[in-house]
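The structure appears below as structure tokens.
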Amino acid sequence: MFHLGLMYRRTSKFHEALYYFSKVQEKLEKDKTVYIQRGLVYQDMGNNWKAIEDFNRAIELEDTYSPAHFYLGISKLHDHKPEEAKTHFERALALDINRENPGIYDGLA
């Protein structure tokens, strides 16, 4: 089901992706990856409020996971909250020890 959600997101079939990610989330309530993927679907749809909810939930589950802070920062930018976005980009950068995500610098800029 998770991989179906990924494929539906990749093909811009957002409602189907949400359906499958939500089904997986029901079974794996403590898996940050599901919340991040569902948040990305909401982000793709322009529903930053729902995306922020899912990214915050992923952070609650694992505060040290850099991508969750990065994606939350993007949604905060789209929600016209640059100071909050900056805080999350800075947290993402601090956690991205190997500097694997150059997008963080883009977000900070």
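Taken together, the values in this text are just the output of simple stated rules run on the coordinates, not laboratory data. This one's a predicted model, so the numbers in the text were calculated from it and none came from an experiment. Cβ atoms come from the backbone with ideal geometry, glycine included; neighbour counts cover every protein chain shown.
For the chain, relative contact order (Cα pairs under 8 Å, six or more residues apart, normalised by length) works out to 17 percent.
Less than 13 Å Cβ to Cβ from LYS30, Lys/Arg counted +1 and Asp/Glu -1: what total charge do the surrounding residues give? Please report the intermediate quantities before stating the final value.
On the way: positive: LYS27, LYS32, ARG57; negative: GLU26, GLU29, ASP31, GLU60, GLU62.
Local charge sum for LYS30: -2.
When peptides 82-88, 68-74 are ranked by their average number of other Cβ atoms within 10 Å per residue, the highest-first order is 68-74, 82-88.
Under 37 °C and 0.692 mPa s, how fast does segment 2-108 diffuse according to Stokes-Einstein, given a Kirkwood radius computed over C-alpha pairs? Answer in µm²/s, whole number.
On the way: Rh = 13.7 Å.
Reported coefficient: 240 µm²/s.
So what's the angle, to the nearest 10 degrees on a 0 to 90 scale, between helix 66-78 and the longest Cα principal axis of the chain? Value to nearest ten degrees: 90. With respect to the chain, whose longest principal axis is taken over its alpha-carbon atoms, helix 48-61 is tilted by about 80°. Helical content alone sets the calculated 222 nm signal of the chain at -24000 deg cm²/dmol, taking -39,500 (n - 2.57) per DSSP H segment of four or more residues and averaging over every residue. Compute the acute angle (0 to 90°) between the alpha-carbon long axis of helix 32-45 and the principal axis of greatest extent of the alpha-carbon atoms of the chain; round to the nearest 10°. For helix 32-45, the angle is close to 90 degrees.
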